[in-house]
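I have placed the structure first, in the form of structure tokens, so that the comments after it can refer back to it.
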Amino acid sequence: MSAFHGSDLEKIEEKYGIPRDEIISFAANVSPLGISQGLIDAMKDQIRCIERYPERDYSRLRKAVGTYCKADPEHIIVGNGSSELIGDVIKYRAGKTALIVAPAYSEYERYVKLAGGTPVYHDLKEEEDFRFDLKALYERTDDDALRDGLLIICNPLNPTSTAVRAEDMRDILKLCEKKNITCVVDETYVDFADEEYDMSYLTKEYRSLFVIRSMSKFFSAPGLRLGYAITSDDRLKSAVEEIKDPWSVSSFSEAAARYMLTDKEYIKEVGEYIECERERVCRKLDELKAKGLKYYEPKANFVLVKLPDKGVKADGLFELAIRQGMMIRDCSTFRGLDESYIRFCFMRKEDDDRLIGLITETVD
Ligand SMILES: Cc1ncc(COP(=O)(O)O)c(C=O)c1O
């Protein structure tokens, strides 16, 4: 089994004897730029904040989030990573049916089942390059079993890196209002994508929309455990807040996040770096198309690749890569994918070149 999760570095260390600090994680989808020196310096002076409880309603943090994503601070809920908020909104619809756009991040299904609900799927098709077919999704959402339930969309979608434009969601959001469906859009990767994919502004118009964001990936801070949700539905917001544990975001995370969200120079640098690297890696992958390799136009900071029919499979490539200290994602365990799919995120140029070099060798 080589379908390790991107954060399974300890397991890799144990199995392959490679120290975790030496593994280049192409599987975690975290920006390679790390945190800024400015943040490190600022937090040295802030350490005593852990002597206090965080604000109960996180008003200062919600204000910083609101400014960052142009949302009303009153519409924001902060949480312990996007994971906490995904779990909580699913608990709010406990026991109901949840339509999940697939292939998808496996935690949605786990949370739905834990909450006694029934996961059902809208499968994107490989023949359509995993693009969102909104007409088919509309028809699937119109099923009566979904009334009072959930529609869960990851946008851009992990693992395909394909995405739906915000404006194209209006009909589905209207349908969700009519059927009392909460439409959860997981925008964990949206900071890496073009603005047209960001749905947060639509929360003002559609109370059915519950947007979830994370600081783990774009801000290189998965250990901070900070996520937030945006909704204009007061009832939904209060219900989710009721489910949440108090003070689930630490005073330290609160202070760090306030700094990070206002660091415009850093935000610009990460956005520009990933945009350039995405373009550069895709041009290199284009050269491998003649050998039967296929990839799907990525909108986020990672790409899904289908390996040629003949030759090495995902587990074989995983083994070859990990022996060189590079950890990619074998996607065979995702619904709708098989052993011919791998996913990797864009890291530093020299690392990306090394991985592309290895892929080139295996498809030659
Ligand atoms: C689609 C998606 N949503 C949510 C998460 C969890 O993010 P967080 O660290 O904010 O809990 C991940 C992590 O890999 C993810 O890929």
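Contact annotation: residue pairs with Cβ atoms under 6 Å, 6 or more positions apart or on different chains, pairing a residue in segment 261-273 that is among the hydroxyl-bearing types (Ser, Thr, Tyr) with a partner that is open to solvent by 20 Å² or more (accessible area, probe 1.4 Å), are Tyr266/Ser36. Annotation: Asp263 fulfils all but one of (1) within 22 Å of Thr162 (Cα to Cα); (2) away from the ligand (no atom under 15 Å from the Cβ); the unmet one is (1).
State yes or no: is Leu124 buried (at least 19 other Cβ atoms within 10 Å of the Cβ), outside the structural domain of Glu275 (by TED's automatic domain parsing), under 19 Å from the mean Cα position of the chain (by Cα) and under 20 Å from Leu337 (Cβ atoms)? Quick ask: steps written out before the conclusion?
Details: buried (at least 19 other Cβ atoms within 10 Å of the Cβ): yes; outside the structural domain of Glu275 (by TED's automatic domain parsing): yes; under 19 Å from the mean Cα position of the chain (by Cα): yes; under 20 Å from Leu337 (Cβ atoms): yes.
Yes; evaluated as a whole, the condition is true for this residue.
Taken over segment 189-210, the residue count meeting the criterion of being crowded, with 21+ Cβ neighbours inside 10 Å and out of contact with any helix residue (DSSP H, G or I) (no Cβ under 8 Å at 6 or more places or on another chain) is 2. Inspect segment 36-51 for any residue being open to solvent by less than 70 Å² (accessible area, probe 1.4 Å) and either among the hydroxyl-bearing types (Ser, Thr, Tyr) or within 16 Å of the ligand (Cβ to nearest atom) (or both) and give the result as yes or no. Yes, there is a match, as at least one residue in segment 36-51 is open to solvent by less than 70 Å² (accessible area, probe 1.4 Å) and either among the hydroxyl-bearing types (Ser, Thr, Tyr) or within 16 Å of the ligand (Cβ to nearest atom) (or both). Picking from residues in segment 224-237 that are of a type in the set (Gly, Ala, Ser) and more than 9 Å from the ligand (Cβ to nearest atom), the one that is surrounded by the fewest Cβ atoms within 10 Å (Cβ to Cβ) is Ser232. Looking at Gly17, is it not assigned by TED's automatic domain parsing to the domain that holds Glu187 and not charged (D, E, K, R)? Taking the combined requirement at face value, the residue satisfies it. Residues that are within 21 Å of Asp194 (Cα to Cα) and open to solvent by 70 Å² or more (accessible area, probe 1.4 Å) within segment 265-294 comprise Glu265, Lys268, Glu269, Glu272, Glu275, Cys276, Glu279, Arg283, listed in sequence order. Within segment 91-111, if we keep just the residues that are over 16 Å from Thr141 (Cβ atoms) and within 19 Å of the chain's Cα centre (by Cα), the residue that is most open to solvent (accessible area, probe 1.4 Å) turns out to be Arg110.
The values are calculated or read from the model by the stated rules, or taken from the named source; none is laboratory data. For clarity, every value in this text was computed on a predicted model and none was experimentally measured. For neighbour counting, all protein chains shown are included, and Cβ atoms are generated from backbone atoms with ideal geometry for every residue, glycine included. For accessibility, only protein heavy atoms count, side chains too; no ligands or nucleic acids. Shrake-Rupley method; radii C 1.70, N 1.55, O 1.52, S 1.80 Å.
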